[in-house]
Amino acid sequence: MKRYVICDKRADFLHDVKMRALLDECECLITEISDGAKYRDLEDTFSGQIVVICENMLDELPEGFESGLSASQVMGYCLTRDGQGQFAARNIANLGMISSSSQILSMLLGMPGERADHLSPVPIPESGGNRETKPVGEDFSSWRQSIHRPAGPTSQPVKENREKDRVSSILELRESRVRQETDLLLKKEQERTLEKKAVTVTVTSTKGGVGKTTVATQLACCMALTSHGRGRFQTCIVDFDIGFGDVCTALDYNMRGKTIEAWVQDVRKRLSCGENGDLISYTEKEIQDFLQKKEDTGLYALLAPQSHAASLDITSEELQIIMRNLRENAGMDFVIYDTGNDLKDTTLLALEQAEYALLVVTQDISCAHCLDMLIRTLESIKFDSSKIRLVINDIMSAKATGISVSELEESFSYPCWAKIKHDPSIIRCNNFGKPVVFSASHDMTKQMRNVIRYLNETGEKLLAEEPRKGLWKRMFSGKEES
């Protein structure tokens, strides 16, 4: 498996590159570096890895960093035409101008191994310096021309023909790879069109203060920023804590903008005119008129009313009509529900219609006890427990809390999709309405990526195992043995 270190100041670009490689199942490992200080910390580990440098990072990296790498181990890519001269001055091979995550992955992975790893550099005369390569042009055509260019008066015609044949082979393989990727993306697009329905994910907990809304909002933002081959996922977060929801403040939406109340009023009007609730349908454009959208992430939101009184007369029938249209007609890939700390109608509806239910738990005995009661209640109403996944939030050391993460996992035998470390900066980000996942290196971002990876797996069911008996289970002495 190829291993690459990609250095680029744009954390969101690196995020897209890594997520595209992950979701398209590219056979490579990518280390992201958006800060020159991190490069200094990691440079001793770069043995056997290909270091890919963006033009915007050249001034951030330690001076003379390239001298510690072999000629075949380092390459660059440009954002402007001026960048070519900067790489040429350092004798670093140049992939050309790169404008998208798909383009850089195609350049790195769409060639045979020699293209990405060795670049077959053109020798430089001894007077040109002690490096082994000569920088190539700003795109693949100039790279090809540089190979055709004779290395010196001693070049042999046979050698030149061999180089031409090798370049032709590389081009054919690259074109084949592009055709395969195009066919795969078209197939995914067709499958998605046939499915129509969005994947529904409900984030819940019966204990307040565990970070349920934080998990829901950060997951939604991370999903909206994730590319899946034909663009970013169309994602909508729904605040189903309709009495006291706070998604609006957590993500800094317009507090005077539209909420679910406007949609409920429209549904209510159509019902009063005699329309059958099961047949009430909205177009994608009509649905978007009830939503708010953040331009920086592309994330849509259906927000809770801004007054508790406005939520009191909202009925289950009205909510079901809204949920059905969001799932089937809104053009969304994912709909993520943030619920209240209870089992009222909104929470039960969101859990019932969800394909995945993410239960948020912390290293707190009262939280675990509430979660245990929730699970037993769901079992009593024949809820499909195969939907349940755990998210362990605000993780601290077992010494500080008295409860270890492993004890939590043993007590609740559902698959754990994320383990999020304690970090006070998350509270600060929430207070300013700035998503933590904007930082590609943050632990929250990495854990949300894990959840997204699991959500996009196909053909595999994750089944709950029987709980192992131990100290933690004995704490729930009132729990009935199955």
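Summary of computed values
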item: Selection count where residues are open to solvent by 40 Å² or more (accessible area, probe 1.4 Å), over 24 Å from Glu317 (Cα atoms) and in a loop (DSSP other than H, G, I, E, B), scope the stretch 232-250; result: 1
item: Selection status of Ser99, under 30 Å from Leu219 (Cα atoms), small (Gly, Ala, Ser) and open to solvent by 50 Å² or more (accessible area, probe 1.4 Å); result: yes
item: Scan of the stretch 422-441 for residues that are open to solvent by less than 30 Å² (accessible area, probe 1.4 Å) and out of contact with any strand residue (DSSP E or B) (no Cβ under 7 Å at 6 or more places or on another chain), ordered by number; result: Ile426, Gly433, Pro435, Val436, Val437
item: Where a residue in the stretch 55-75 is among the basic types (Lys, Arg) and modelled with pLDDT of 80 or more and its partner, wherever it lies, is open to solvent by 30 Å² or more (accessible area, probe 1.4 Å) and in a helix (DSSP H, G or I), with Cβ under 6 Å and at least six apart; result: none
item: Selection count where residues are under 17 Å from Ser101 (Cα atoms), among the charged types (D, E, K, R) and touching a Phe, Trp or Tyr at 6+ places or on another chain (Cβ under 9 Å), scope the stretch 9-46; result: 1
item: Lys18 vs. criteria part of a helix (DSSP H, G or I), touching an Asp or Glu at 6+ places or on another chain (Cβ under 8 Å) and closer than 28 Å to Leu219 by Cβ; result: yes
item: Test set (1) farther than 24 Å from His228 by Cβ; (2) modelled with pLDDT under 85; (3) open to solvent by less than 40 Å² (accessible area, probe 1.4 Å) - Leu105 fails condition number; result: (1)
item: Residues satisfying the stated conditions in the stretch 400-421, i.e. open to solvent by 60 Å² or more (accessible area, probe 1.4 Å) and of a type in the set (A, V, I, L, M); result: Ala400
item: In the stretch 311-343, the residues that are over 12 Å from Thr204 (Cα atoms) and open to solvent by 20 Å² or more (accessible area, probe 1.4 Å); result: Leu312, Asp313, Ile314, Thr315, Ser316, Glu317, Gln320, Arg324, Arg327, Glu328, Asn329, Gly331
item: Residue tally, condition open to solvent by 50 Å² or more (accessible area, probe 1.4 Å) and either assigned to a loop (DSSP other than H, G, I, E, B) or more than 19 Å from Lys293 (Cα to Cα) (or both), over the stretch 251-265; result: 6
item: Any hit, the stretch 34-45, residues being crowded, with 16+ Cβ neighbours inside 10 Å and part of a strand (DSSP E or B); result: no
item: Subset of the stretch 437-446 that is assigned to a helix (DSSP H, G or I) and hydrophobic (A, V, I, L, M, F, W, C) - its residue that is farthest from Gln363 (Cα to Cα); result: Phe438
item: Test set (1) modelled with pLDDT of 50 or more; (2) buried (at least 18 other Cβ atoms within 10 Å of the Cβ); (3) touching a strand residue (DSSP E or B) at 6+ places or on another chain (Cβ under 8 Å) - Thr133 fails condition number; result: (1)
item: Test result for Glu284, closer than 28 Å to Asp313 by Cα, among the charged types (D, E, K, R) and in contact with a helix residue (DSSP H, G or I) (Cβ under 9 Å, 6 or more places away or on another chain); result: no
item: Residue among Leu95, Leu105 that is under 22 Å from the mean Cα position of the chain (by Cα) and either within 29 Å of Arg232 (Cβ to Cβ) or among the charged types (D, E, K, R) (or both); result: Leu105
item: Tally of residues being out of contact with any Cys (no Cβ under 9 Å at 6 or more places or on another chain) and modelled with pLDDT under 90 across the stretch 191-207; result: 7
item: Number of the condition not met by Arg270 [criteria: (1) assigned to a loop (DSSP other than H, G, I, E, B); (2) open to solvent by less than 60 Å² (accessible area, probe 1.4 Å); (3) more than 26 Å from Met223 (Cβ to Cβ); (4) of a type outside the set (A, V, I, L, M)]; result: (1)
item: Any chance Thr31 is open to solvent by 30 Å² or more (accessible area, probe 1.4 Å), within 20 Å of Met1 (Cα to Cα) and either charged (D, E, K, R) or at pLDDT 85 or above (or both); result: yes
item: Residue match in the stretch 368-391 (condition: over 20 Å from Val247 (Cβ atoms), surrounded by 15 or more Cβ atoms within 10 Å (Cβ to Cβ), of a type in the set (Asp, Glu) and free of Cβ contacts under 8 Å to residues at least 60 places away in the same chain); result: no
item: Residue ID - surrounded by the most Cβ atoms within 10 Å (Cβ to Cβ), chosen from residues in the stretch 283-305 that are charged (D, E, K, R) and part of a loop (DSSP other than H, G, I, E, B); result: Lys294
item: Every residue from the stretch 344-367 that is in contact with a Ser or Thr (Cβ under 6 Å, 6 or more places away or on another chain), open to solvent by 10 Å² or more (accessible area, probe 1.4 Å) and within 23 Å of Ile314 (Cβ to Cβ); result: Asp345, Gln353
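The values are calculated or read from the model by the stated rules, or taken from the named source; none is laboratory data. Model, not experiment: these values are computed from the prediction. No Cβ is skipped: glycine too gets one built from the backbone with ideal geometry, and neighbour counts run over all protein chains shown. For accessibility, only protein heavy atoms count, side chains too; no ligands or nucleic acids. Shrake-Rupley method; radii C 1.70, N 1.55, O 1.52, S 1.80 Å.
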